[in-house]
Amino acid sequence: NFLAGLSMGGHGTWKMALTHPDRFAACASLSGAIPDYRKRYEAETAQGRRTHISDLVKAYGGIEGLLASRENTRGTAERIAREERQNELPRLYAAVGSEDPAAAGVRETVAFLNELQIPVTFREMPGYVHEWRFWGLAVPGPPGVFGVPGGKGGKGGEKNFRHQRKKKKGRNTPQ
């Protein structure tokens, strides 16, 4: 099985890859980050703002409850590193456009995982924002991550992927 997600789905991809590593061969998070709940909650509190992080903190009975929960994907990654189970994880791929508002969070996520010796193939594409045009180019990703020939992203890789998928269903013509 392979898993990919865009934006908020990219966050979900990180969560599923780290929580259920035995279910996937590879996972790709496009413009998705793993939030640092403590840092974000403290910043929001200092600014007098209330967001979904505040709601999570309330639901878990406080920031410590949230950080101890399965909702805290960073905590899951830290447990994997502490237990030295990095080799049990699927291949991980992250991509983001350099002008995407999520770019800083994605870079921070990749650096955090690398600090824990959790390997991530990372690709940042200059000039792209949080958009379908970027995501179309970022998938299928580098050669071998999803076992798709072409592997350069864009139309070449996408065409090869569609052709393989149709052949699998018994058709021999590409779209």
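Just a few scattered comments:
- Residue identified as out of contact with any His (no Cβ under 8 Å at 6 or more places or on another chain), among the charged types (D, E, K, R) and closer than 18 Å to residue 3 by Cα among 99, 78, 131, 88: 88
- The set of residues from the stretch 83-127 being in contact with a Leu (Cβ under 8 Å, 6 or more places away or on another chain) and of a type in the set (A, V, I, L, M) comprises 89, 92, 94, 95, 96, 113, 118, 120, 125.
- The condition of being under 20 Å from residue 24 (Cβ atoms) and without any contact (Cβ under 8 Å) to a residue 60 or more places away in the chain holds for only one of 110, 106, 57, 129, that being 110.
- Residues considered: 67, 18. Of these, the only one that is crowded, with 20+ Cβ neighbours inside 10 Å and touching a residue at least 12 places away in the same chain (Cβ under 8 Å) is 18.
- The helices (runs of 4 or more DSSP H) found wholly in the stretch 84-175 and carrying at least 1 residues that are of a type in the set (A, V, I, L, M), loosely packed, with under 13 Cβ neighbours inside 10 Å and at pLDDT 50 or above occupy 103-115.
- Filter pass, residue 33 being surrounded by fewer than 14 Cβ atoms within 10 Å (Cβ to Cβ) and under 25 Å from residue 134 (Cβ atoms): no
The values are calculated or read from the model by the stated rules, or taken from the named source; none is laboratory data. All figures in this text were calculated on a predicted structure; none of them were measured in a lab. Methodologically, a virtual Cβ is constructed for each residue, glycine included, from the backbone with ideal geometry; neighbour enumeration extends over all protein chains shown.
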